[in-house]
Protein chains: 2
Amino acid sequence: MVKYSKEWKEVDYNTLFQALIDEMRSQKVGYYYLPKSSIKLFEKIEYIKKTREFKNIVIIGVGGSSLGTKAIYSALKPLYQNYKELIFLENPDPLEIKVKLPKINKESLFLVISKSGNTIETISIFKVILEQLNIDLKKDSDRFIIITDKESSLDKFANKNKISTFFIPKNVGGRFSVLSAVGIVPLELAGFNTKNILIGAKEFLDRFLNKKETHLLEKAIFFAKNSSQIKVNILFVYSSFLEEFTKWYIQLWAESLGKINKDGKRVGLSPISLIGSIDQHSFLQLIMEGPRDKSVTFLKVENLDDKIKIPNLNLDFLENSNFANGYSLNTLLNSECDATFESLKSNNIPVDMITLDKISEENIGELIIYYELLTSALGILLNVNTYNQPGVELGKKILKNKFIKGQLN
Amino acid sequence: MVKYSKEWKEVDYNTLFQALIDEMRSQKVGYYYLPKSSIKLFEKIEYIKKTREFKNIVIIGVGGSSLGTKAIYSALKPLYQNYKELIFLENPDPLEIKVKLPKINKESLFLVISKSGNTIETISIFKVILEQLNIDLKKDSDRFIIITDKESSLDKFANKNKISTFFIPKNVGGRFSVLSAVGIVPLELAGFNTKNILIGAKEFLDRFLNKKETHLLEKAIFFAKNSSQIKVNILFVYSSFLEEFTKWYIQLWAESLGKINKDGKRVGLSPISLIGSIDQHSFLQLIMEGPRDKSVTFLKVENLDDKIKIPNLNLDFLENSNFANGYSLNTLLNSECDATFESLKSNNIPVDMITLDKISEENIGELIIYYELLTSALGILLNVNTYNQPGVELGKKILKNKFIKGQLN
């Protein structure tokens with residue numbers, strides 16, 4: 001169960017709602033259909049589970065191919081006793097690869113994930129793995145799974161080498177793909193209950209389509225209306241294991257909304273992630289006293305774990321801290337969240353609060369579709385193409401030219 | 001060796017330089033003296049090394065008491081074969097504590113770090129540890145070390161319980177304290193060469209005081225002059241192991257500069273950290289096409305590890321990525337850094353580049369003092385008290401009141 005605080009004044013959201021419905025019905029944007037359509041993936045996943053043996057799963061992919069999976073994996077891990085480790089190879093940082101290599105071996109299953117099949121980091125790391133582990137693709141094709149677009153170069157490569165493939169629907173962009181095979185295949189193979197993630201997403205989506213979650217539209221309208229003044233959106237999560245979730249949010253928000261819009265105007269909001277209560281001792285000062293250009297969304301989990309209590313110890317000279325004695329860490333952490341929320345609100349800084357009753361597959365699924373819908377809504381209001389990323393092409397061209405001309409570092 | 005790109009037009013920096021010298025000579029701000037004075041810590045650290053046995057080190061502390069140590073620990077770990085693990089207990093997140101508890105046992109040495117001694121998270125976690133491990137302070141005081149201000153409540157507690165203490169100089173604030181006992185004691189006990197960190201910091205400081213590193217002053221002047229337009233400062237590090245360093249930078253920047261200044265104006269710049277090349281697939285789009293309110297400092301390491309090469313494999317249908325064949329991952333990563341730098345520069349986005357020849361103790365020490373001096377310089381120009389944090393007090397008061405009145409979550 002997820003609750004959303006209602007901090008917005010009522011506005012007319014019907015036009016925005018209709019625009020989202022139109023976008024969905026056009027079938028140009030496909031992520032709306034994933035909570036339902038991804039159910040079809042399970043038959044093949046089950047077959048792989050039965051026919052392949054592996055101890056851990058190596059995900060070779062970056063950006064939209066890894067961030068969502070990582071977010072869910074980090075959030076759910078503490079709830080599970082038994083699961084297969086996911087090892088993410090995203091960055092061609094040689095020190096990082098070196099540190100991770102010892103865990104990667106003959107008992108690893110490799111998932112190579114790239115929508116286009118042209119991601120230079122992914123293909124280069126893939127080649128490094130083939131060589132470092134001395135893998136012969138002709139013999140060892142069943143150690144790999146490829147997740148890509150149908151008829152992409154990576155799909156053709158997979159066909160030629162008899163590697164199993166899962167497809168990403170063509171109308172689903174990388175950063176909106178976590179509920180497609182991109183996230184569902186690795187997480188289900190690792191032993192997480194991904195059906196409940198899809199159920200959580202679907203239930204929220206259904207309520208949204210029945211106009212029962214209109215706070216989302218009101219929030220988008222508030223952000224868009226104030227976007228010339230409030231340019232920084234902070235997601236302040238009170239749970240260490242939701243840090244990766246904030247990185248998924250940052251990609252979604254930054255890459256979807258940071259655009260030259262259809263009127264030729266530079267728009268977009270800077271996403272920032274904070275972890276409570278740690279960042280109360282860091283970034284909070286700037287929010288309180290710095291420029292009034294920020295909004296803060298708090299994300300609180302009511303029941304993380306109630307078992308660890310602060311004992312009733314009276315330590316000499318440290319009596320100042322006795323007020324929390326006898327309470328659980330859970331109560332301390334969540335009360336810190338509430339106190340920080342109130343201190344910002346009393347300073348007229350725009351805040352809202354999302355409250356999960358607990359970390360669960362359903363709640364994570366709901367959060368994902370919530371942020372995707374919020375991003376789409378804001379994209380419509382900012383008049384951008386939410387689903388492309390033309391700004392990153394120049395760097396790719398310059399990079400390729402450096403190699404071709406030998407002007408290397 | 002660290003190189004700094006010179007992207008600033010020459011400006012008159014003498015007034016700013018003199019203001020920093022005055023601040024230093026006033027002795028009101030003490031971090032300037034740490035690279036020299038912290039040498040005195042080693043005798044006592046050596047004694048502890050000889051007289052105590054421990055397998056890992058648990059750091060109980062948050063904010064300025066942990067971020068700097070974590071930054072150095074993460075950066076240096078991949079260079080060392082043998083070191084003692086540092087376990088950080090910063091967040092009263094019960095799930096996180098639960099996950100970390102199994103590693104904490106009779107062979108752990110505990111460092112309780114708090115400047116004031118009143119940090120509610122730190123003291124509460126300390127109490128939890130005392131109970132969970134069934135520790136009797138009367139018998140087990142040599143399993144603890146306390147790092148705090150002289151005559152703080154925590155110092156008095158340590159005295160009463162015969163716990164060894166190290167002091168933080170009174171004129172050194174938490175977020176400027178990493179080169180004091182706060183960082184040096186745990187890192188040296190863990191087996192890292194912290195003398196070289198101090199040497200690296202001292203050498204840069206000496207050159208700075210001899211006006212040989214004036215690019216730093218020019219950069220501060222550029223940031224201050226443009227602070228009404230450029231409100232977001234991005235640190236884009238091309239090394240996965242420098243991620244924790246960016247969190248230290250974020251605290252330093254946000255908490256020092258985010259203030260109501262002496263003219264009553266809200267000032268401060270939003271720090272954001274990105275990891276290359278991962279975040280080229282995330283935040284980069286927003287920098288390229290979004291609002292022109294950002295500057296980007298790139299941090300590149302010339303030699304991370306040159307041994308892992310991308311093999312000369314020609315994979316069918318993936319020939320598009322062959323341009324990197326035969327090169328090291330190191331070359332790929334750093335060329336991505338250069339290409340991204342150039343793509344932003346050609347779009348007239350303010351950029352500069354800090355280049356380390358390698359990750360080393362000296363270079364990390366230099367980076368730390370560089371950022372501290374830059375922050376102090378900018379603090380003078382923005383006319384703030386760089387060293388306090390009045391904005392976080394309200395939340396603490398509200399928290400305490402919630403407990404006292406029983407209005408808890």
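Residues are listed down the side, and each one gets a yes or a no for (1) assigned to a helix (DSSP H, G or I); (2) modelled with pLDDT under 95:
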{"position": "B:365", "(1), (2)": "yes, no"}
{"position": "B:369", "(1), (2)": "yes, no"}
{"position": "B:376", "(1), (2)": "yes, no"}
{"position": "B:380", "(1), (2)": "yes, no"}
{"position": "B:388", "(1), (2)": "no, no"}
{"position": "B:398", "(1), (2)": "yes, no"}
{"position": "B:407", "(1), (2)": "no, yes"}
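If you go through segment A:368-409 and keep only what is of a type in the set (S, T, N, Q), surrounded by fewer than 17 Cβ atoms within 10 Å (Cβ to Cβ) and closer than 30 Å to residue B:322 by Cβ, you end up with A:388, A:401, A:407.
Among residues of segment A:305-324 being modelled with pLDDT of 95 or more and touching a strand residue (DSSP E or B) at 6+ places or on another chain (Cβ under 9 Å), the one that is farthest from residue A:357 (Cα to Cα) is A:310. Between A:255, A:243, the distinction of being in contact with a His (Cβ under 9 Å, 6 or more places away or on another chain), within 12 Å of chain B (Cβ to nearest Cβ) and not basic (Lys, Arg) belongs to A:255 only. Once segment B:110-119 is narrowed to residues that are within 9 Å of chain A (Cβ to nearest Cβ) and surrounded by 23 or more Cβ atoms within 10 Å (Cβ to Cβ), the residue that is modelled with the highest pLDDT is B:119.
State which residue is nearest to residue A:62 (Cα to Cα) when the search covers only segment A:84-109 and only residues that are within 14 Å of chain B (Cβ to nearest Cβ) and touching a residue at least 40 places away in the same chain (Cβ under 8 Å). Per the criteria, the residue is A:89.
Can residue A:336 be described as at the interface with chain B (Cβ under 10 Å from one of its Cβ atoms), buried (at least 22 other Cβ atoms within 10 Å of the Cβ) and charged (D, E, K, R)? Break it down stepwise before answering.
Values: at the interface with chain B (Cβ under 10 Å from one of its Cβ atoms): yes; buried (at least 22 other Cβ atoms within 10 Å of the Cβ): yes; charged (D, E, K, R): yes.
In short, yes.
Mind listing whichever residues of segment A:64-83 are polar (S, T, N, Q) and at the interface with another protein chain (Cβ under 10 Å from one of its Cβ atoms)? Of everything in segment A:64-83, those that are polar (S, T, N, Q) and at the interface with another protein chain (Cβ under 10 Å from one of its Cβ atoms) turn out to be A:65, A:66.
Can we say residue A:329 is modelled with pLDDT of 95 or more, touching a helix residue (DSSP H, G or I) at 6+ places or on another chain (Cβ under 8 Å), more than 7 Å from every other protein chain (Cβ to nearest Cβ) and on the phi < 0 side of the Ramachandran plot? For residue A:329, the condition - modelled with pLDDT of 95 or more, touching a helix residue (DSSP H, G or I) at 6+ places or on another chain (Cβ under 8 Å), more than 7 Å from every other protein chain (Cβ to nearest Cβ) and on the phi < 0 side of the Ramachandran plot - is not met. In segment B:255-266, the condition of being of a type in the set (Gly, Ala, Ser) and out of contact with any Gly (no Cβ under 7 Å at 6 or more places or on another chain) is met by at least one residue.
Of the numbered criteria (1) surrounded by fewer than 16 Cβ atoms within 10 Å (Cβ to Cβ); (2) in contact with a helix residue (DSSP H, G or I) (Cβ under 8 Å, 6 or more places away or on another chain); (3) at pLDDT 95 or above; (4) of a type outside the set (A, V, I, L, M), the one residue A:103 fails is (2).
Which is of a type outside the set (A, V, I, L, M), surrounded by 16 or more Cβ atoms within 10 Å (Cβ to Cβ) and more than 21 Å from the chain's Cα centre (by Cα), of B:98, B:138? Unique residue meeting the criteria: B:98. Is one or more of the residues making up segment B:20-43 within 18 Å of residue B:213 (Cβ to Cβ), over 20 Å from the mean Cα position of the chain (by Cα) and buried (at least 21 other Cβ atoms within 10 Å of the Cβ)? Yes, segment B:20-43 has at least one match. Listed conditions (1) within 14 Å of another protein chain (Cβ to nearest Cβ); (2) touching a helix residue (DSSP H, G or I) at 6+ places or on another chain (Cβ under 6 Å) are all met by residue A:134, apart from (2). Can you say whether residue B:163 is assigned by TED's automatic domain parsing to the domain that holds residue B:81 and farther than 16 Å from residue B:71 by Cβ, as far as the supplied structure shows? Taking the combined requirement at face value, the residue satisfies it. The number of residues in segment B:130-156 being farther than 24 Å from residue B:97 by Cα and at pLDDT 95 or above comes to 7. Residue pairs whose Cβ atoms lie under 9 Å apart, sitting 6 or more positions apart in sequence or on different chains, and linking a residue in segment B:116-134 that is on the phi > 0 side of the Ramachandran plot to a partner that is buried (at least 24 other Cβ atoms within 10 Å of the Cβ) and not hydroxyl-bearing (Ser, Thr, Tyr), are B:117/B:123; B:117/B:146; B:117/B:154. When residue A:10 is tested against (1) closer than 28 Å to residue A:296 by Cα; (2) buried (at least 22 other Cβ atoms within 10 Å of the Cβ), just one condition goes unmet, and that condition is (2).
Being closer than 30 Å to residue A:149 by Cβ and among the small types (Gly, Ala, Ser) holds for only one residue in B:343, B:376, and it is B:343.
Table: residues versus (1) facing chain A (nearest Cβ under 9 Å); (2) surrounded by 23 or more Cβ atoms within 10 Å (Cβ to Cβ); (3) not basic (Lys, Arg).
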| position | (1), (2), (3) |
| --- | --- |
| B:302 | yes, no, yes |
| B:311 | yes, no, yes |
| B:350 | no, no, yes |
| B:366 | no, yes, yes |
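Per-residue answers, yes or no, for (1) of a type outside the set (Asp, Glu); (2) over 24 Å from residue B:305 (Cα atoms):
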site	(1), (2)
A:92	yes, no
A:98	yes, no
A:103	yes, no
A:118	yes, yes
A:149	no, yes
A:158	yes, yes
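Quick check on segment B:294-303. Is at least one of its residues over 30 Å from residue B:386 (Cα atoms) and in contact (Cβ under 8 Å) with a residue 40 or more places away in the chain? Within segment B:294-303, one or more residues are over 30 Å from residue B:386 (Cα atoms) and in contact (Cβ under 8 Å) with a residue 40 or more places away in the chain.
If I ask for residues that are among the acidic types (Asp, Glu) and under 16 Å from the mean Cα position of the chain (by Cα), which ones from segment B:175-208 would you list?
At the first step, the residues of segment B:175-208 found to be among the acidic types (Asp, Glu) are B:188, B:203, B:206.
Selection gives nothing.
Residue A:150 meets each of the listed conditions (1) within 12 Å of chain B (Cβ to nearest Cβ); (2) surrounded by fewer than 18 Cβ atoms within 10 Å (Cβ to Cβ); (3) touching a strand residue (DSSP E or B) at 6+ places or on another chain (Cβ under 6 Å) apart from (1). Against the list (1) within 25 Å of the chain's Cα centre (by Cα); (2) assigned by TED's automatic domain parsing to the domain that holds residue B:298, the condition residue B:10 fails is (1).
Selection of first residues in segment A:342-355 that are assigned to a helix (DSSP H, G or I) and of second residues that are surrounded by 20 or more Cβ atoms within 10 Å (Cβ to Cβ), restricted to Cβ pairs under 8 Å at least 6 apart or on distinct chains, gives the following pairs, ordered by first then second residue: A:342/B:395; A:343/A:288; A:343/B:395; A:344/A:287; A:344/A:288; A:344/A:296; A:344/A:351; A:345/A:351.
For the condition in contact (Cβ under 8 Å) with a residue 12 or more places away in the chain and at positive phi, what is the one hit in B:30, B:63, B:68? It is B:63.
The values are calculated or read from the model by the stated rules, or taken from the named source; none is laboratory data. Remember, it's a predicted structure, so these values are computed and weren't measured experimentally. No Cβ is skipped: glycine too gets one built from the backbone with ideal geometry, and neighbour counts run over all protein chains shown.
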